[in-house]
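Some notes on the structure that comes next.
The values are calculated or read from the model by the stated rules, or taken from the named source; none is laboratory data. Given the structure is predicted, the values throughout are model-derived calculations rather than measurements. Here the Cβ positions follow ideal geometry from the backbone for every residue, glycine too, while neighbour counts run over all protein chains shown. Heads up: the accessible areas ignore ligands, DNA and RNA and are worked out on the full protein's heavy atoms, side chains in. Shrake-Rupley method; radii C 1.70, N 1.55, O 1.52, S 1.80 Å.
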Amino acid sequence: MQEYKDIGRGRSARQVFGLNQIDIVPSRRTRSSRDVDTSWRIDAYEFDFPIMTHPTDAVVSPEFAIEFGKAGGLPVINAEGLWGRAKDLDAAFGEIVSAAERGYFGSFNEGADEDVAAEALETPEFAANQVLQRLHQQPLDLDLLQERLQQVRDSGVRFGVRVSPQRARELAPTLIVGGLDLLVIQGTLISAEHVDTDGEPLNLKEFIGSLDVPVIAGGVVDYTTAMHLMRTGAAGVIVGAGPVTNSQALGIDVPMATAIADAAAARRDYLDETGGRYVHVIADSELSCSGDIAKAIACGADAVALGAPLAAAEEAGAPNWFWPSSAAHPKLPRGTVDALLPPTSVPLNQLLFGPTPDPLGHENLVGGLRRSMAKCGYTEVKAFQKVDIAVR
């Protein structure tokens, strides 16, 4: 039963919960973690573990995408990011990091660009956002983007490509012809139909129905919007806006435990409504360790999207630094450029599978999920959605 609280005369609000407010309750039966199957199948594609990347250049360089895909996960590339704008990705990452270091540490790496330094001196706390905005003002070079996507295609791994709802109609056909496995239409918050008096609205049901590839769409934070997105024909719905600043910039947010559970309820009702069409729920917020991954699945998620936790990989685009794709928005960035402190770059394989000396779940992410499932007596991710949970 949902509980509502009075917040003043004539106004009440539903009580909601974040992942840090719940815990998984073990059952009377345990299993060996060797018997746990963490595989995730969405549409025609199967992955070894239920993790995709948040579509940020900070993590997903071409090299990272290939290694993550080979490891068994789903890399998602930001088609509107720097892959198609910066000929020298390493130099672009260096500019962003140098500006961010000014805000964090009050100094620059030796050899930092003078223009970057000038920007940082103006507003040091958000100088890195200024650099991101400037870099993203460069025109999108589809040939350069396709060249880098081809590098990932040639490796043989499965991958997704993210486009914003605003540019989906423009970019998706070209990207699909070029070859991709899943299209991800993602904004910090989206709806099934965007109404714009100055342009043609994007009706996702019509648009997705016209495509020849499976689509993952999001983010959403409530039952109604999740249901509407499921009715568009999407194969998966992203819950959460990613690691963004919507709460501060827009006053909009719903803690993830509740948001996932609401979307899972929409999935159940949509399954009944359609007589068996299953839409995957993918959590993309409040995730920092393997325990959070396990909690997200316990609340009803089929998979998670990780950003900052993967920035600790040596193969990341900008190791030990993270920013969400929305941090480069030209008018209202909703994300910051953050350092991982203390810096702890490790091989991606260790980050995903261990072994590790880290007792806090920041490494061996898949191993932590596997052990959580085993301790509760579950051997499949889908069944783990039924594990008991408790509120703190």
task: For A266, indicate whether it is closer than 21 Å to Q21 by Cβ and surrounded by 24 or more Cβ atoms within 10 Å (Cβ to Cβ).
output: no
message: I want to confirm something. Restricting to region 290-305 and keeping residues that are closer than 11 Å to N20 by Cα and of a type outside the set (D, E), which single residue is least open to solvent (accessible area, probe 1.4 Å)?
response: A296
message: Report every pair of residues separated by at least 6 positions or lying on different chains whose Cβ atoms are under 7 Å apart, first residue within region 377-392 and in a loop (DSSP other than H, G, I, E, B), second at pLDDT 95 or above and among the polar types (S, T, N, Q).
response: R392/Q21
statement: Checked V279, V239, V220 against criteria (touching a strand residue (DSSP E or B) at 6+ places or on another chain (Cβ under 9 Å) and closer than 14 Å to G18 by Cα); the one match is V239
field: Count - residues of region 322-345 that are in contact with an Asp or Glu (Cβ under 6 Å, 6 or more places away or on another chain) and of a type outside the set (S, T, N, Q)
entry: 1
statement: Scanning region 143-195 residue by residue, the ones that are among the polar types (S, T, N, Q), open to solvent by 60 Å² or more (accessible area, probe 1.4 Å) and touching a strand residue (DSSP E or B) at 6+ places or on another chain (Cβ under 9 Å) total 1
message: Please return the ranges of strands (runs of 3 or more DSSP E) entirely within region 1-115 where 1 or more residues are surrounded by fewer than 19 Cβ atoms within 10 Å (Cβ to Cβ) and at pLDDT 95 or above.
response: 22-24, 40-42, 45-47
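Residues checked against (1) farther than 23 Å from E315 by Cβ; (2) of a type in the set (D, E):
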residue: G8; (1), (2): yes, no
residue: R14; (1), (2): yes, no
residue: N20; (1), (2): yes, no
residue: R29; (1), (2): yes, no
residue: S32; (1), (2): yes, no
residue: D37; (1), (2): yes, yes
residue: V60; (1), (2): no, no
residue: V76; (1), (2): no, no
residue: G103; (1), (2): yes, no
- prompt: Just to be sure, is Q137 among the polar types (S, T, N, Q) and modelled with pLDDT of 95 or more?
  reply: yes
message: Given the condition of a type outside the set (S, T, N, Q) and out of contact with any helix residue (DSSP H, G or I) (no Cβ under 9 Å at 6 or more places or on another chain), answer yes or no: does some residue in region 310-321 qualify?
response: yes
query: Quick one: N364 ticks every box in (1) open to solvent by 20 Å² or more (accessible area, probe 1.4 Å); (2) touching a Phe, Trp or Tyr at 6+ places or on another chain (Cβ under 7 Å); (3) more than 21 Å from T30 (Cα to Cα) bar one, so which box is it?
result: (3)
field: Filtered residues of region 25-47 (kept if polar (S, T, N, Q) and within 16 Å of A294 (Cα to Cα))
entry: S27, T30, S33, T38, S39
Residue that is farthest from C299 (Cα to Cα) [pool: residues in region 198-227 that are open to solvent by less than 20 Å² (accessible area, probe 1.4 Å) and in a strand (DSSP E or B)]: L202
- prompt: How many residues does region 315-353 contain that are hydrophobic (A, V, I, L, M, F, W, C), crowded, with 22+ Cβ neighbours inside 10 Å and not in a loop (DSSP other than H, G, I, E, B)?
  reply: 6
